[in-house]
Amino acid sequence: MTVTIVGSQLGDEGKGGIVDVYGDAADVVVRYQGGDNAGHTVVHDGHEYKLSLVPSGAVRGKVGVLGNGCVVNPATLFEELDALRERSLDPDVRVAERAHVILPYHRTLDGLEEDVKSDEDLAAGTTGRGIGPTYEDKAGRRGVRVGDLLDPETLRARLEYAVPRKRALVEDVYDLDVGDDVDADAFDVEAIYERYREFGRRLADEGMTVDCGRFLAERREAGDRIMFEGAQGTAIDIDHGIYPYVTSSNPTAGAAAVGSGLGPTVVGDGEVVGIVKAYLSRVGTGPLPTELGSVDGQTPPDGGRPGESDLAEFIREEGGEYGTVTGRPRRVGWLDVPMLRHAARVNGFTGLAVNHLDVLAGLDEVQVGHSYTLDGEELLTMPTTTEKWADCEANFRRFEGWPDVEWSTVAEDGYDAIPENGRAYLEYVAEEVGAPIYAVGVGPGREETVVVETPF
Ligand code: IMP
C-alpha cells in the first residue's frame, strides 16, 4: 500500500517530521515533484539534518527516490549525500532517469526574471534554485534529463540546442552581458558538458539512476510499502494554488502518480494525509488574508495587520519561522480554513496531521479565518484567482487558548493528554475539513508527535 503526504497550505507545514514518523513503517520514500527548493528539517537521534533535495526518509535508512516529476540539481544532490555520509549515515538514494536536470543557466535565469518582476511587484519570491526555468524547459521540450547525463552524445546535442537560446535571452531580452553581468560558465556548452558528464559518471558509478515507475512497481510487488513525500503545499501548486505566486510543479496528491510512474489507482488505493500547520506561514510575496503583522518586502502595501505585530513576532519566534533554504523571516497568520477545505477537495485527504500546536500554547485566545467575505458574499473555500483572494476579507472565529504544558509527556500519553481547548481546536479543524486527525505535532522532534492513527 502507499501513503501520500501532502502540504495543505503554503509549504513549510512540517511535512518532514510526519514523513519521519510514518516513514518508519515504509520501505521506500519517494519525492514526486519539486527540487532543491524544498527545505526540510529532520531530527533523528537528537541530530538535526537540513535537507532540500534528498527525501527525508533517506536519513532513516529508507530507500529515497527522486521521481520523474522532480527537477534535480546534481550539485545539491551530491553535496547533501556527502554531508550525510560525513555524519556517518549511508543514504540510499535513486534518481529517475526521466527527471529533469537543473542546469546553471536555470538558476541564473530564475534570478534575472525575479529581478525584473520585482520592479513591477510581480516577483513570486522564488527560492532562486532555478525551479521555474527548468520546468519551463521541460514543457518546452528543450530540457536535459537525468538519463541524458549518462549518454554523452545526447547530452551534448541537448546543450548545443538549449545553451545558445539561453544566451540570447540574457543578451537580447535582459540586455546583459554574459561574462560581465552573469557567469560565463553558466552559458558555455563545453563547461556545462564537462561538469554534468562528471555528475553522470558518478550517478552511474553509484548505481543511482532508475526507471522510476518500474523500480517502484517491482518494489511493490516484492511487498514494500511506499510513501510519497510531497514538497511545498497545495496553495502553491501551479494548478490549484495562488497563481502566479506558486511553485512550478504540482505538490497535490494527483501528481504522486504522474511524478512517479505508478498509476492513480495505486495512489488512490492508499491513504492521503494532509499536513496542516496550526497557523499559517508563508515565504514570499502576494496576498494572505489572515496575515498577522507584516514582513518588509513580502507583505503587500495594504496587507497584514500591523496592530498585531507582537503576536506575529511571538508566533515567528516560537515556531522558528525562518526559511530553511533562504533564512528569510516567514510571514505568519491565523489558520486559513477556506484554504484547508480547498486542499481537502483537491487532494482527497483521508486523514490530517496538525503540526505546531505547541507554538500557539500560552496565548489567551487563538483565532482562525473560518470563511471569507467577497463582494458581500460568504465563501467557504478559496476563489479561483489570486486577485479575488486578495479582496477576500477573513471572518474570524475565536477559540480559548490552551496552556503551555510538558509536550513530550503529552506525546507519550496520547491524544487525551492534549489540553482540552487544544483538542477543541483540532476537532473543529477535522470537522470543517472532513478528515480525521491522524497525528498532532507538539514539538520539533519525531518523538514529540501524538500519533492517533498509523496509516500503514
Ligand atoms: P520556486 O519554487 O523557487 O520557484 O518558488 C516559487 C514560490 O514557491 C515562492 O513563493 C517560494 O517561496 C515558494 N516555495 C518554494 N518551495 C517552497 C517550500 O519548500 N516551502 C515554502 N515555500 C516554497
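A few notes on this one:
- Residue pairs whose Cβ atoms lie under 8 Å apart, sitting 6 or more positions apart in sequence or on different chains, and linking a residue in region 107-120 that is in contact (Cβ under 8 Å) with a residue 12 or more places away in the chain and within 14 Å of Glu136 (Cβ to Cβ) to a partner that is of a type in the set (A, V, I, L, M) and surrounded by fewer than 20 Cβ atoms within 10 Å (Cβ to Cβ), are Leu109/Leu169; Leu112/Leu176.
- Summed over region 337-347, residues that are under 28 Å from Arg129 (Cα atoms) and either in a loop (DSSP other than H, G, I, E, B) or hydrophobic (A, V, I, L, M, F, W, C) (or both) total 4.
- Total residues in region 122-132, condition open to solvent by less than 20 Å² (accessible area, probe 1.4 Å) and farther than 12 Å from Val246 by Cα: 1
- As a summary of the residue check, Val266 satisfies the conditions (1) modelled with pLDDT of 95 or more; (2) crowded, with 24+ Cβ neighbours inside 10 Å; (3) out of contact with any Asp or Glu (no Cβ under 8 Å at 6 or more places or on another chain) except for the one numbered (2).
- For region 25-36, the criterion of being within 16 Å of the ligand (Cβ to nearest atom) and small (Gly, Ala, Ser) is met by at least one residue.
- Only residues that are over 27 Å from the mean Cα position of the chain (by Cα) and β-branched (Val, Ile, Thr) were counted in region 188-219, giving 2.
- Residue that is most open to solvent (accessible area, probe 1.4 Å) [pool: residues in region 348-405 that are among the basic types (Lys, Arg) and over 25 Å from the mean Cα position of the chain (by Cα)]: Arg398
- Scan of region 133-156 for residues that are over 19 Å from Glu198 (Cβ atoms) and buried (at least 23 other Cβ atoms within 10 Å of the Cβ), ordered by number: Pro133, Thr134, Tyr135, Asp137
- A count restricted to region 241-254 and to residues that are near the ligand (Cβ under 9 Å from one of its atoms), open to solvent by 30 Å² or more (accessible area, probe 1.4 Å) and under 10 Å from Gly34 (Cβ atoms) stands at 1.
- Leading residue by the ranking (most open to solvent (accessible area, probe 1.4 Å)) among those in region 215-240 that are farther than 20 Å from Gly16 by Cβ and within 16 Å of the ligand (Cβ to nearest atom): Asp239
- Test for Pro403: is it outside any strand (DSSP E or B), more than 13 Å from Ile242 (Cβ to Cβ) and not hydrophobic (A, V, I, L, M, F, W, C): yes
- Scanning region 316-336 for residues that are surrounded by fewer than 24 Cβ atoms within 10 Å (Cβ to Cβ), outside any loop (DSSP other than H, G, I, E, B) and either not assigned by TED's automatic domain parsing to the domain that holds Gly441 or not hydroxyl-bearing (Ser, Thr, Tyr) (or both) yields a count of 5.
- For region 169-183, the set of residues classified as surrounded by 13 or more Cβ atoms within 10 Å (Cβ to Cβ) and in a helix (DSSP H, G or I) consists of Leu169, Val170, Glu171, listed by residue number.
- Subset of region 115-132 [of a type outside the set (Gly, Ala, Ser) and near the ligand (Cβ under 8 Å from one of its atoms)]: Thr126, Thr127, Arg129, Ile131
- Qualifying residue in region 194-207 (condition: buried (at least 24 other Cβ atoms within 10 Å of the Cβ), not in a helix (DSSP H, G or I) and not aromatic (Phe, Trp, Tyr)): no
- Selection over region 268-307 of residues that are over 18 Å from His356 (Cβ atoms), in contact with a strand residue (DSSP E or B) (Cβ under 6 Å, 6 or more places away or on another chain) and away from the ligand (no atom under 16 Å from the Cβ) gives a count of 6.
- Checking each residue in region 69-111 for being assigned to a loop (DSSP other than H, G, I, E, B), open to solvent by less than 20 Å² (accessible area, probe 1.4 Å) and within 19 Å of Val19 (Cβ to Cβ) picks out Gly69, Pro91.
- Looking only at region 1-24, and only at residues there that are over 14 Å from Val440 (Cα atoms) and within 11 Å of the ligand (Cβ to nearest atom), the one that is modelled with the lowest pLDDT: Asp12
The values are calculated or read from the model by the stated rules, or taken from the named source; none is laboratory data. Please read all numbers here as calculations on a predicted model, not as lab measurements. Don't worry about glycine lacking a Cβ; one is built from the backbone with ideal geometry, like all the others, and counts go over all protein chains shown. In case anyone asks, the SASA skips ligands and DNA or RNA and just uses the protein heavy atoms, side chains included. Shrake-Rupley method; radii C 1.70, N 1.55, O 1.52, S 1.80 Å.
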